[in-house]
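See structure below.
The values are calculated or read from the model by the stated rules, or taken from the named source; none is laboratory data. None of the values given here were measured: they were computed from a predicted structure. Backbone-built Cβ (ideal geometry, glycine too); neighbour counts: all protein chains shown. When the accessible area is computed, the model is the full protein with side chains, heavy atoms only, and any ligands, DNA or RNA have been set aside. Shrake-Rupley method; radii C 1.70, N 1.55, O 1.52, S 1.80 Å.
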Amino acid sequence: KGNYSGGFNIKLRALNGSEYKSVIYGLAADFFPLAAPEGTYGVTEDIYSFNIFFDYGFLPNDVVNPYLGLGIGMYIDNISIDTPISGPVSTSYSFLGVNLRAGMEIYLSNNICIFPEAKMHFVFEPGRSALYMAINANFGGGLLFYF
C-alpha cells in the first residue's frame with residue numbers, strides 16, 4: 001500500500017533590475033501519512049510540517065532552474081488509535097525539524113512554473129540525537145511572486 005502526501009509552497013524571489021536573484025525564500029506546508037506496521041489495525045499516524053525555507057537556484061534566469069535548499073520548522077505527529085472499548089483516542093507530538101530540498105523550476109511563463117522537488121526530513125526529539133523520520137517526495141506546480 002502506498003502513502004500519498006500533499007502540500008504547498010509559497011515562494012518569494014527578489015529581482016536585481018530585470019534579472020532574478022538566485023536565492024528563493026518561502027513557506028511550505030506538507031502532510032504525509034505514515035504506513036502502520038503490517039498486521040496493525042486501527043492505528044493511523046500522520047505528520048504535518050510547517051517550514052520556512054530558502055533555496056539556491058543555479059540558473060535563475062533560464063527556463064529550467066535546478067535548486068538545492070534548506071527548510072526549518074515545526075513538525076506535528078498525530079497518532080490515532082481506534083480501540084474497541086473506548087473508541088478513537090488521538091494524541092499529538094510537536095518537534096523541531098529541518099529538511100533538505102532538491103528540485104527544479106520549469107518556467108511556463110514569466111510568473112508561472114512547475115517545480116518537481118524532493119525533500120528529506122529530519123526531526124529532532126528533545127533528549128535524543130537526530131531522528132530520521134521520512135523521505136517525502138513532493139511534486140507540484142506553483143505561482144511565483146516577485147518583490
Checked against (1) open to solvent by 60 Å² or more (accessible area, probe 1.4 Å); (2) part of a strand (DSSP E or B); (3) out of contact with any Asp or Glu (no Cβ under 7 Å at 6 or more places or on another chain), residue 73 satisfies every condition except (1)
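Can you pull out the residues in the range 1-57 that are in contact with a strand residue (DSSP E or B) (Cβ under 7 Å, 6 or more places away or on another chain) and hydroxyl-bearing (Ser, Thr, Tyr)? Don't jump to the end; show me each part of the working.
Here is the first cut: in the range 1-57, the residues in contact with a strand residue (DSSP E or B) (Cβ under 7 Å, 6 or more places away or on another chain) are 3, 5-15, 20-34, 36, 42-57.
5, 20, 22, 25, 44, 48, 49, 56 - these are the residues of the range 1-57 that are in contact with a strand residue (DSSP E or B) (Cβ under 7 Å, 6 or more places away or on another chain) and hydroxyl-bearing (Ser, Thr, Tyr).
It is to be established whether one or more residues within the range 3-15 are open to solvent by 80 Å² or more (accessible area, probe 1.4 Å), more than 16 Å from residue 116 (Cβ to Cβ) and in a strand (DSSP E or B). It would help to see each step written out before you state the result.
Here is the first cut: in the range 3-15, the ones open to solvent by 80 Å² or more (accessible area, probe 1.4 Å) are 4, 8.
Then drop every residue that is not more than 16 Å from residue 116 (Cβ to Cβ), which leaves none.
Scanning the range 3-15 turns up no residue that is open to solvent by 80 Å² or more (accessible area, probe 1.4 Å), more than 16 Å from residue 116 (Cβ to Cβ) and in a strand (DSSP E or B).
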So, first residue without any contact (Cβ under 8 Å) to a residue 12 or more places away in the chain in the range 101-121, second residue open to solvent by 40 Å² or more (accessible area, probe 1.4 Å) and assigned to a strand (DSSP E or B), Cβ within less than 7 Å, six or more apart or across chains; the pairs are 108/114
Regarding the range 60-68, can at least one residue be identified that is surrounded by 13 or more Cβ atoms within 10 Å (Cβ to Cβ), among the hydrophobic types (A, V, I, L, M, F, W, C) and at pLDDT below 95?
no
Those residues of the range 16-52 which are open to solvent by 60 Å² or more (accessible area, probe 1.4 Å), within 13 Å of residue 79 (Cα to Cα) and among the aliphatic types (A, V, I, L, M) amount to 35
Checked against (1) modelled with pLDDT of 90 or more; (2) exposed (fewer than 15 other Cβ atoms within 10 Å of the Cβ); (3) closer than 23 Å to residue 120 by Cα, residue 55 satisfies every condition except (2)
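Out of all the residues in the range 77-96, is one or more among the charged types (D, E, K, R), open to solvent by 70 Å² or more (accessible area, probe 1.4 Å) and free of Cβ contacts under 8 Å to residues at least 60 places away in the same chain?
Among the residues of the range 77-96, at least one is among the charged types (D, E, K, R), open to solvent by 70 Å² or more (accessible area, probe 1.4 Å) and free of Cβ contacts under 8 Å to residues at least 60 places away in the same chain, which makes the answer yes.
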Per the filter on the range 16-52, residues more than 14 Å from the chain's Cα centre (by Cα), among the acidic types (Asp, Glu) and more than 20 Å from residue 112 (Cβ to Cβ) are 38, 45
Exactly one of 145, 122 is under 19 Å from residue 6 (Cα atoms) and either open to solvent by 80 Å² or more (accessible area, probe 1.4 Å) or at pLDDT below 85 (or both), and that residue is 122
Checked the range 47-91 for anything touching a Pro at 6+ places or on another chain (Cβ under 7 Å) and of a type in the set (D, E, K, R); matches are 82
Notebook entry, point to check: Could we say that residue 50 is in a strand (DSSP E or B), closer than 22 Å to residue 121 by Cβ and at pLDDT below 90 here?
Noted result: no
